Amino acid sequence: MKSLLTSRWLWPVAASPLLLIGVLVLVGGGVHRVVAGASLVLGWALTIPFGAAERRWRANPTPTLQLAAAGWALLVLAVMLGGLWWGMSLDPEA
């Protein structure tokens with residue numbers, strides 16, 4: 001179990017449902033769907049450097065590395081939620 005938690009693929013695999021949802025929304029058509037789907041796909045892609053930053057922090061727990069990991073996590077959330085909000089604001093039926 002410990003090897004799973006220290007794997008570099010933990011976060012991308014854990015966020016893979018968001019990738020699937022993002023791709024399905026992306027191919028649905030419409031500008032609002034493209035923006036929302038692209039934000040989910042980009043957010044999933046950003047989990048890879050987030051996972052690397054978290055692994056570095058777990059190997060050497062310093063405040064600087066903890067802030068770096070937290071910064072990546074914040075960026076992932078901001079991209080996903082911001083893109084979803086922007087996509088919903090572009091929806092002509094809303």
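The values are calculated or read from the model by the stated rules, or taken from the named source; none is laboratory data. All values derive from a computational prediction rather than experimental measurement. All Cβ positions, even for glycine, are placed from backbone atoms using ideal geometry, and neighbour counts span all protein chains on display. Note: accessible area is taken over every heavy atom of the protein model, side chains too, but ligands, DNA and RNA are not part of it. Shrake-Rupley method; radii C 1.70, N 1.55, O 1.52, S 1.80 Å.
A few points about this structure:
- Test: residue in the stretch 31-43 that is touching a helix residue (DSSP H, G or I) at 6+ places or on another chain (Cβ under 9 Å) and touching a residue at least 60 places away in the same chain (Cβ under 8 Å): yes
- Beta carbons closer than 9 Å, at least 6 apart along the sequence or on distinct chains, pair a first residue in the stretch 71-84 that is over 13 Å from ALA52 (Cβ atoms) with a second that is open to solvent by less than 40 Å² (accessible area, probe 1.4 Å) and hydroxyl-bearing (Ser, Thr, Tyr) for VAL79/SER39; MET80/SER39; LEU81/SER39; GLY82/SER39; GLY83/SER39; LEU84/SER39.
- Within the span defined as the stretch 5-13, one or more residues are touching a Gly at 6+ places or on another chain (Cβ under 8 Å) and either aromatic (Phe, Trp, Tyr) or in contact (Cβ under 8 Å) with a residue 60 or more places away in the chain (or both).
- Scanning the stretch 29-84 for residues that are of a type outside the set (A, V, I, L, M, F, W, C), under 12 Å from the mean Cα position of the chain (by Cα), under 22 Å from SER7 (Cα atoms) and open to solvent by 30 Å² or more (accessible area, probe 1.4 Å) returns a single hit, PRO49.
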